[in-house]
Amino acid sequence: MDGLFKLTAGCFSRNRKENIESAHVYGVPEQNCCSSYEDLIKLHNTEFDALIVLTPTNQHYAAISSCLAHGVTVISEKSLVTSLKEAKKLAELQAKSNSYLCVTYNYTGYPMTRELRALVQQGALGEVQQVMLEMPQEGFIRLDTNGNPVIPQKWRLSDSTVPTVSLDLGAHLQMFIEFLTGQDVQEVIATTNSYGNFTEIDDSVSCIARYHSGMTCHFWYTKAALGYRNG
C-alpha cells in the first residue's frame, strides 16, 4: 500500500502447482518460489529483507522461531502464537537474536480507527470509562443450500490452549482497546460456549475485562451468530 515493500520470494502453498501459480500471480520469479519456509529462509540477505508469516496461527511458532534463529526480520499476521508459553519462548529467542519481530492487526490501518484514536488521545470524548465491543460472525452455524453445515478450513476446527475463536476474533477486540486507549488489561473473566455446528470447539465468548485506569470493557465475539457475514 505504501510502496515501500516489494514481494520478491515466497512459499505460497504446499501444493507445488498452486505454489508456482501463485508466484506467477504475484510476480515472483519461479526460482524464488520455495517449497517450505526453511528453503525461504535460505534466501535471506540475498533476495529479501523481511519474511511475512501468514500461515494458520498454530503453525506460527515453528516458522517464527526458525526465522529468529537465523536472524531474519519477521512480520507476523495476528495472532502471534497459540499460548503464553510459546510467546515467552519467542520473546527469549528475539532477545538473543539481532532480528526484529512485529505483529500486524489490519484494523489499525483503517482511517476511521485512526481518527477515533486521535479523538480519544485529545480528550475530545472525555474520560473513557466503559467500552462495549462485539464481533459476531456466522461461519460455524451456516448451512448450504442443501441444509448441510458449511465446513471451514480444518485448522479452524481445532482448539489449543487458547480457543481458536479468541485467536481469530478476540485478538482484534483487545487490539482495539489497546490501540485506542493505550491501556493494558489487568483482569478478565469470561464464559465460552459452543452453539454452532461443530461442538468439539468453542465458538462463542462473552467476557468482561478491567484495565489499569478502572475502565471496564465488555466483549462478545462468536462464529455462531446467524445473519452476520464476515465483511
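The values are calculated or read from the model by the stated rules, or taken from the named source; none is laboratory data. If you're wondering where the values come from, they're calculated on a predicted model, not measured in any experiment. Cβ atoms come from the backbone with ideal geometry, glycine included; neighbour counts cover every protein chain shown.
Within segment 31-45, identify whether any single residue is touching a residue at least 60 places away in the same chain (Cβ under 8 Å), outside the structural domain of Asp159 (by TED's automatic domain parsing) and not in a strand (DSSP E or B), and answer yes or no. Can you show your working first?
Applying the first criterion (touching a residue at least 60 places away in the same chain (Cβ under 8 Å)) to segment 31-45 yields none.
Taking every residue of segment 31-45 in turn, none turns out to be touching a residue at least 60 places away in the same chain (Cβ under 8 Å), outside the structural domain of Asp159 (by TED's automatic domain parsing) and not in a strand (DSSP E or B).
Residues that are in the same structural domain as Asn193 (by TED's automatic domain parsing), part of a helix (DSSP H, G or I) and either of a type in the set (S, T, N, Q) or under 21 Å from the mean Cα position of the chain (by Cα) (or both): does segment 147-154 have at least one?
First pass over segment 147-154, keeping only residues in the same structural domain as Asn193 (by TED's automatic domain parsing): 147-154.
Filter once more, so that each one left must be part of a helix (DSSP H, G or I): 154.
Narrowing further to those that are either of a type in the set (S, T, N, Q) or under 21 Å from the mean Cα position of the chain (by Cα) (or both): 154.
Within segment 147-154, one or more residues are in the same structural domain as Asn193 (by TED's automatic domain parsing), part of a helix (DSSP H, G or I) and either of a type in the set (S, T, N, Q) or under 21 Å from the mean Cα position of the chain (by Cα) (or both).
Of the conditions (1) surrounded by 12 or more Cβ atoms within 10 Å (Cβ to Cβ); (2) part of a helix (DSSP H, G or I), Thr55 fails just one. Which one is it?
Among (1) surrounded by 12 or more Cβ atoms within 10 Å (Cβ to Cβ); (2) part of a helix (DSSP H, G or I), Thr55 violates only (2).
Just one of the numbered conditions (1) assigned by TED's automatic domain parsing to the domain that holds Ala209; (2) in a loop (DSSP other than H, G, I, E, B); (3) of a type outside the set (A, V, I, L, M) is not true of Ser99; which one?
Answer for Ser99: the failing condition is (1).
Looking at the structure I just gave you, is Glu134 surrounded by fewer than 16 Cβ atoms within 10 Å (Cβ to Cβ) and touching a Phe, Trp or Tyr at 6+ places or on another chain (Cβ under 7 Å)? It would help to see each step written out before you state the result.
Working: surrounded by fewer than 16 Cβ atoms within 10 Å (Cβ to Cβ): yes; touching a Phe, Trp or Tyr at 6+ places or on another chain (Cβ under 7 Å): yes.
Answer is yes for this residue.
Applying the selection to segment 181-213, what residues are under 18 Å from the mean Cα position of the chain (by Cα) and either charged (D, E, K, R) or not in a strand (DSSP E or B) (or both)? Full working, then the answer.
Let us first name the residues in segment 181-213 that are under 18 Å from the mean Cα position of the chain (by Cα), namely 202-205.
Answer for segment 181-213, where residues must be under 18 Å from the mean Cα position of the chain (by Cα) and either charged (D, E, K, R) or not in a strand (DSSP E or B) (or both): Asp202, Asp203.
Could you tell me whether Ser76 is surrounded by 17 or more Cβ atoms within 10 Å (Cβ to Cβ), in contact with a Gly (Cβ under 8 Å, 6 or more places away or on another chain) and either farther than 24 Å from Trp155 by Cβ or modelled with pLDDT of 95 or more (or both)?
On the way: surrounded by 17 or more Cβ atoms within 10 Å (Cβ to Cβ): yes; in contact with a Gly (Cβ under 8 Å, 6 or more places away or on another chain): no; either farther than 24 Å from Trp155 by Cβ or modelled with pLDDT of 95 or more (or both): yes.
No.
With respect to Gln129, is the statement that it is in contact (Cβ under 8 Å) with a residue 24 or more places away in the chain and either farther than 27 Å from Gly10 by Cβ or in contact with a helix residue (DSSP H, G or I) (Cβ under 9 Å, 6 or more places away or on another chain) (or both) true? Give the steps one after another, and end with the answer.
Numbers: in contact (Cβ under 8 Å) with a residue 24 or more places away in the chain: yes; either farther than 27 Å from Gly10 by Cβ or in contact with a helix residue (DSSP H, G or I) (Cβ under 9 Å, 6 or more places away or on another chain) (or both): yes.
It is true that Gln129 is in contact (Cβ under 8 Å) with a residue 24 or more places away in the chain and either farther than 27 Å from Gly10 by Cβ or in contact with a helix residue (DSSP H, G or I) (Cβ under 9 Å, 6 or more places away or on another chain) (or both).
For the condition closer than 16 Å to Gly182 by Cβ and assigned to a strand (DSSP E or B), what is the one hit in Val120, Val131? Walk me through it before giving the result.
Details: Val120 fails: assigned to a strand (DSSP E or B).
None of the others qualify; the one that does is Val131.
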